[in-house]
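The values are calculated or read from the model by the stated rules, or taken from the named source; none is laboratory data. Every value quoted in this text rests on a predicted model; they were computed, and no experiment measured them. With ideal geometry, Cβ positions are generated from the backbone for all residues, glycine too; neighbour counts draw on all protein chains shown.
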Amino acid sequence: MTITFFGHSVIQIETNGTTLLVDPFVTGNGLAEGVVSADDLNPDVILLTHAHGDHWGDTPAIAERTGALVVANFEITSYLGRVHSYENTHPMNTGGSWTFDWGRVTQTYARHSSSFPDGTYGGNPNGYLLRLEGKCLYLAGDTCAFSEMSCLADDKGIDVAFLPIGDDFTMGSEEAVECVEVLKPRLTVPIHYNTFPYIEVDVSRFTNAMDAAGYEARVLAPGETMEV
């Protein structure tokens, strides 16, 4: 499968003839400027971790233009129907799984908050385990460490983990490495950093700590693609 990072938490996954787009915050995302615009993206599926503006982003515009299936928690999918009259959604909740024709999705816990830009409650924040092409990806969403991460590591064999390192609103570099020590993914990609002043960090602190702990990390520049 092919994975492309567009800065912040925007991840595109091309798998089994399907394009998935995670947390499509493109307009207003300075890291994506000059790399991609919302109109350039044509997903079949949009996955949302929570309702904050820097994750919800361009969801309504992209969904209405492409007809993409929006997978998110019940509150987010209900909001899309109520406020945007958009009905091509699949609601989930923490711990639930669903097998689509392109792969299996499990919605995981994330320790954070969630509300829409207009202040409407956005339900529980989440992450995802994606089982695609015999591989397992973990999209942590916005979170700090939590004890249930040890359950995610049991028998899942995580191939790639996408973990936030920006600190202030989520875990920082050191705590992310502690999470890796629990999750034991084969590869970790840092996300949710350097987009705004509050989350500006020296990413080398993360990569150096990962190297010292004996784990592999890969920093993707906005627009960079990798094969998994």
Looking at segment 179-228, which of the residues that are among the polar types (S, T, N, Q) and more than 18 Å from the chain's Cα centre (by Cα) is farthest from Asn29 (Cα to Cα)?
-> Asn208
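For (1) of a type in the set (Gly, Ala, Ser); (2) at pLDDT 95 or above; (3) within 24 Å of Ile199 (Cβ to Cβ), each residue gets a yes or a no:
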{"residue": "Trp98", "(1), (2), (3)": "no, yes, no"}
{"residue": "Val105", "(1), (2), (3)": "no, yes, no"}
{"residue": "Thr108", "(1), (2), (3)": "no, yes, yes"}
{"residue": "Asn124", "(1), (2), (3)": "no, yes, yes"}
{"residue": "Cys151", "(1), (2), (3)": "no, no, no"}
{"residue": "Asp155", "(1), (2), (3)": "no, no, no"}
Looking only at segment 190-219, count how many residues are closer than 18 Å to Asp167 by Cα and not in a strand (DSSP E or B).
-> 20
Per the list (1) in a helix (DSSP H, G or I); (2) closer than 11 Å to His50 by Cα, residue check on Ser150 breaks on (2)
Subset of segment 52-79 (residues that are over 17 Å from the mean Cα position of the chain (by Cα), charged (D, E, K, R) and closer than 20 Å to Gly141 by Cα) | Glu75
Please work out which one of (1) touching a Ser or Thr at 6+ places or on another chain (Cβ under 9 Å); (2) at pLDDT 95 or above; (3) surrounded by fewer than 21 Cβ atoms within 10 Å (Cβ to Cβ) is the condition Arg186 fails and give its number.
-> (1)
If Ala176 passes every condition in (1) more than 26 Å from Gly28 (Cβ to Cβ); (2) outside any loop (DSSP other than H, G, I, E, B); (3) modelled with pLDDT of 95 or more but one, which one does it miss?
-> (1)
Segments classed as helices (runs of 4 or more DSSP H), wholly inside segment 1-113, with at least 2 members that are of a type outside the set (S, T, N, Q), surrounded by fewer than 20 Cβ atoms within 10 Å (Cβ to Cβ) and out of contact with any His (no Cβ under 9 Å at 6 or more places or on another chain) = 59-66, 74-84
Can you tell me how many residues in segment 129-172 are surrounded by fewer than 18 Cβ atoms within 10 Å (Cβ to Cβ) and either free of Cβ contacts under 8 Å to residues at least 12 places away in the same chain or touching a Pro at 6+ places or on another chain (Cβ under 6 Å) (or both)?
-> 5
